[in-house]
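Some notes on the structure that comes next.
The values are calculated or read from the model by the stated rules, or taken from the named source; none is laboratory data. Owing to the predicted nature of the structure, the values given are computational and were not obtained by experimental measurement. Don't worry about glycine lacking a Cβ; one is built from the backbone with ideal geometry, like all the others, and counts go over all protein chains shown. Note: areas computed on protein heavy atoms with side chains; ligands, DNA, RNA excluded. Shrake-Rupley method; radii C 1.70, N 1.55, O 1.52, S 1.80 Å.
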Amino acid sequence: MDDKRSKLPSEERPWLRWHPEGAREKALEPVEQITVWKFLERTLKEQGDTYPAMIYFGRKIKRSRFISEVHRWARTFRGMGVQADDRVIIYTPFIPEAAYVIMALNHIGAWPVMLNMTSSLEALTNGAKGAKFAVLADAVEGDVKSIFRNNPEFSRILILEATDSMPCPLKQIMQVKACFRMHKVYKENKNYIRASKALKLWSGYEGEVEAPYNPERPAIITSSGGTSIKGYAKQIMDTNVAVLSMLKQTLNTYLPKNYPEGKRCYTGLPPFISTCIFVLVIVPFHFNMTCYVEPRFNAKIFTKNIMKIKPQICLTPGRCWVYFFTQMDRAIRKGKTPDLSFFTMPIMGGDGVIPEDLKWMNGILRKCGSPTGLYSGYGMSEVFSLLTVDCRGGYASDNDQDPIVSVGIPMPGSDICIVDGNGNELPYGQRGEILARGTTLMKGYYNDKKLTDKVMKDGWYHSGDVGYIREDGQLFVYGRMSDSCIMPDGTMFYPADLELRMNKDPEVHSTMVNKMGEKDGIPLLAAHIVLHHDCPDRDDVIRRLDASVRDLLPEGVIINGYKIHRHIFRMNRICKTDRNYYVCQKTGYIRPEADGSMTEVTFNNI
């Protein structure tokens, strides 16, 4: 066997070939012992007001205004009684006030707890327990009213008004609607208070505001995703050191060239996503860019704003990009080729696409004059934002021959490895659990030492994701370990392989295979299929798909039921495929029999 192939990825670190010389050594240098806000405030002051910090519905917010708002909010929180190391619950889409609040709490040493807006009420309730203060946006307060209204555990609940930073007359029109909707709520909930009123009451606080620096203190706490069924949201504590280390790592890659000074970044994802806070706010601020802020997030609004704002940087899941490029393709077919030459780094993260779709989207980018294809990345709050990103640039990903899309290479101060079920590191090309280590690892999960110890072992974070590393350092992610199937003999197989095989059928648009439970140790599988609209015989396609995957299934395992969908898979609030929604569907399936007939199937008795 070739020596190169016998060595392990974590020993060789082949990904460093894609980074500047000396990048790892520089990335590992200790960061300054200050808070994220102190670092960012110094940067904003040095830049001055040549370019706006943010633009919100056309209203420009200067860098000096951003700084003064953070300090005003810091005094307000202190005046309310928020102390260092208090947890403050935050549930809001991205509006300028959300950024002010996060940085103000960091300044005073309190912990901003960003609740995941895609989680179930049960998970959100668990995530809010033990806190005395909360900050909610009026536009989404109704979604969580059962948690916060008339809840005696909370001393104060501030209601951010999405209209506050809007320009007139839009602000006046929207305020009338918001006030009408919330008037009765304020009257019946004595611990509710408008943000504007709170600022008037307490922003004149004259006591000590800034908390002494504590390297162990969380700068921000984000809540994990994928918990809408289990009802439990892990709260990830990311320290100031972790956040600033993430910035140091970024600065020692080739990525900074994609953040041109004075240009635009589109910020539409909710702030509970650590990658949104980092990639779409902290890094653009550092490079003197302007963040265009949008509180509404769906594929249609994303597409409209990208073509209106023409940002250099933007980030959205793969499903949202598919919608965007579908619209671009329609325009091209009508003879109106859009101009996409403004992109420097359009990023796909959180939810990928199949290689055929990526090449199709990159083809449209070429036709529309973009100097770059889509960047793919992979991150998580446990490493504060980015773990890997495809730094090859241009359209290099089009040459990949792998069955799934690369999510790139590790950041220069981070390491990854793939391990088997016994914790042994696997060589290149073999699938197993993805482990990560580096300077940006979380402090742990709030109030959950047992789970922290389970996922943090010997300096490695066990991600629970399945993937493999190619010999050039590129990482490929197949999904969650929990979605994989372990057979009674200990062997494992991956439903993702079934999806990849079925996606190759000419009549199939997209597929999803879910594990619905098991019987006698054998997994029960359900396949959801979206066909092209002109498909002539749906039953025939199901028979063909069922036959096509038999060689991939272990002995005794079948796809127990198929369901055809007329439209593309439903997206959740952040435009990721809502897999949990389909796992909850227990009826309406069919199964092809040996004689060619179809039998109705349900999963109700699992």
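Out of segment 441-472, which residues are under 21 Å from LEU28 (Cβ atoms), open to solvent by 40 Å² or more (accessible area, probe 1.4 Å) and either among the aromatic types (Phe, Trp, Tyr) or not in a strand (DSSP E or B) (or both)?
LYS443, ASP458, GLY459, listed by residue number.
Show the residue pairs that are 6+ apart or on different chains and have beta-carbon atoms under 9 Å apart, the first residue being within segment 328-340 and free of Cβ contacts under 8 Å to residues at least 24 places away in the same chain, the second being among the β-branched types (Val, Ile, Thr) and not in a helix (DSSP H, G or I).
Close Cβ pairs (under 9 Å, with a partner that is among the β-branched types (Val, Ile, Thr) and not in a helix (DSSP H, G or I)) amount to ALA331/THR337.
Looking only at segment 519-554, count every residue that is buried (at least 16 other Cβ atoms within 10 Å of the Cβ) and under 15 Å from PRO495 (Cβ atoms) and tell me the total.
Total meeting the criteria: 12.
How about segment 148-251: which strands (runs of 3 or more DSSP E) wholly inside it have at least 2 residues that are open to solvent by 30 Å² or more (accessible area, probe 1.4 Å), modelled with pLDDT of 95 or more and out of contact with any Pro (no Cβ under 7 Å at 6 or more places or on another chain)?
Filter on segment 148-251 gives an empty set.
Restricting attention to segment 79-95, and to residues there that are of a type outside the set (A, V, I, L, M, F, W, C) and within 29 Å of the chain's Cα centre (by Cα), which single residue is most open to solvent (accessible area, probe 1.4 Å)?
ASP85
In segment 99-125, which residues are in a helix (DSSP H, G or I) and modelled with pLDDT of 95 or more? Spell out the reasoning first.
Let us first name the residues in segment 99-125 that are in a helix (DSSP H, G or I), namely 99-108, 121-125.
ALA99, TYR100, VAL101, ILE102, MET103, ALA104, LEU105, ASN106, HIS107, ILE108, listed by residue number.
Could you list, in sequence order, the residues of segment 131-142 that are in contact (Cβ under 8 Å) with a residue 40 or more places away in the chain and outside any loop (DSSP other than H, G, I, E, B)?
Initially, segment 131-142 is screened for residues in contact (Cβ under 8 Å) with a residue 40 or more places away in the chain, giving 131-141.
Result: PHE133, ALA134, VAL135, LEU136, ALA137, GLU141.
Would you be able to say whether some residue in segment 396-419 is farther than 20 Å from VAL477 by Cβ and open to solvent by 30 Å² or more (accessible area, probe 1.4 Å)?
no
Please specify each residue of segment 473-514 satisfying the condition of being surrounded by fewer than 17 Cβ atoms within 10 Å (Cβ to Cβ) and at pLDDT 95 or above.
none
Would you be able to say whether some residue in segment 2-16 is aliphatic (A, V, I, L, M), within 30 Å of THR388 (Cβ to Cβ), in contact with a strand residue (DSSP E or B) (Cβ under 6 Å, 6 or more places away or on another chain) and at pLDDT below 95?
yes
Here's a check for you: in segment 257-275, which residue that is assigned to a helix (DSSP H, G or I) and under 24 Å from ARG437 (Cβ atoms) is least open to solvent (accessible area, probe 1.4 Å)?
SER274
For segment 13-59, enumerate the residues that are surrounded by 15 or more Cβ atoms within 10 Å (Cβ to Cβ) and among the acidic types (Asp, Glu).
GLU41
Taking segment 370-399, which residues are over 30 Å from LYS443 (Cβ atoms) and part of a helix (DSSP H, G or I)? Spell out how you get there, then give the answer.
Within segment 370-399, the subset over 30 Å from LYS443 (Cβ atoms) is 370-374, 392-399.
ALA396, SER397, ASP398, ASN399, listed by residue number.
Run down ALA436, ALA496 and say which single residue is in contact (Cβ under 8 Å) with a residue 12 or more places away in the chain, closer than 30 Å to ASP540 by Cβ and among the small types (Gly, Ala, Ser). First the steps, then the outcome.
On the way: ALA436 fails: closer than 30 Å to ASP540 by Cβ.
That would be ALA496, the only listed residue that is in contact (Cβ under 8 Å) with a residue 12 or more places away in the chain, closer than 30 Å to ASP540 by Cβ and among the small types (Gly, Ala, Ser).
Which one of these does GLY127 not meet: (1) in contact with a helix residue (DSSP H, G or I) (Cβ under 6 Å, 6 or more places away or on another chain); (2) buried (at least 23 other Cβ atoms within 10 Å of the Cβ); (3) not aromatic (Phe, Trp, Tyr)?
Here GLY127 meets the rest and fails (1).
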